[in-house]
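Single-structure report; data block below.
The values are calculated or read from the model by the stated rules, or taken from the named source; none is laboratory data. Just so it is clear, the model here is predicted, and its values are computed rather than measured. Glycine gets a Cβ as well: all are built from the backbone with ideal geometry, and neighbour counts include every protein chain shown.
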Amino acid sequence: MAMTDTQFHLLADEMFQAIDEAIENAIDEQDADIDIDASGNVLQLEFEDRSKIVINKQEPLHQIWVATKEGGYHFSFVDGKWLDERNGGEFMPFVIAAITQQGGIELSI
């Protein structure tokens, strides 16, 4: 059964919310320097060195796209998990690693 737009947004919003809460905790606990800008379908994270990670919902494709210093990644919801189209890696571990690599911040989600 194909995912509806509503289901897509609910699932993607859960991920965005989890990331936002984990970053807020990291800011409090680690005195992390990271700016969060959540606007519409985009969650933008800016680090102390001015580099960014941009996570956005691609509604027509029912995908979450992530842009880091290392490149762009597309995640699709498959069998209950958000998986990278290219390497099959899971979304949340990837995002946690990217934030640690780019911003030096340890997240627990």
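Observations on the model:
- Restricting attention to segment 2-19, the residues being in contact (Cβ under 8 Å) with a residue 60 or more places away in the chain and assigned to a helix (DSSP H, G or I) number 5.
Residue by residue, here is whether (1) surrounded by fewer than 14 Cβ atoms within 10 Å (Cβ to Cβ); (2) not charged (D, E, K, R) holds:
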site	(1), (2)
6	yes, yes
65	no, yes
79	yes, no
83	no, yes
87	yes, yes
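- Qualifying residue in segment 92-107 (condition: of a type outside the set (Phe, Trp, Tyr), under 13 Å from the mean Cα position of the chain (by Cα) and part of a loop (DSSP other than H, G, I, E, B)): yes
- Test for residue 75: is it outside any strand (DSSP E or B) and in contact with an Asp or Glu (Cβ under 8 Å, 6 or more places away or on another chain): no
- The set of residues in segment 52-108 being more than 16 Å from residue 26 (Cβ to Cβ) and either touching a residue at least 60 places away in the same chain (Cβ under 8 Å) or among the aromatic types (Phe, Trp, Tyr) (or both) consists of 65, 73, 75, 77, 82, 91, 94.
- Any hit, segment 53-67, residues being under 13 Å from residue 34 (Cβ atoms) and in contact with a Ser or Thr (Cβ under 6 Å, 6 or more places away or on another chain): yes
- Candidate set: segment 31-47, residues that are surrounded by 13 or more Cβ atoms within 10 Å (Cβ to Cβ) and part of a loop (DSSP other than H, G, I, E, B); chosen: the one modelled with the highest pLDDT: 41
- Residue 28 being exposed (fewer than 12 other Cβ atoms within 10 Å of the Cβ), acidic (Asp, Glu) and not in a strand (DSSP E or B): yes
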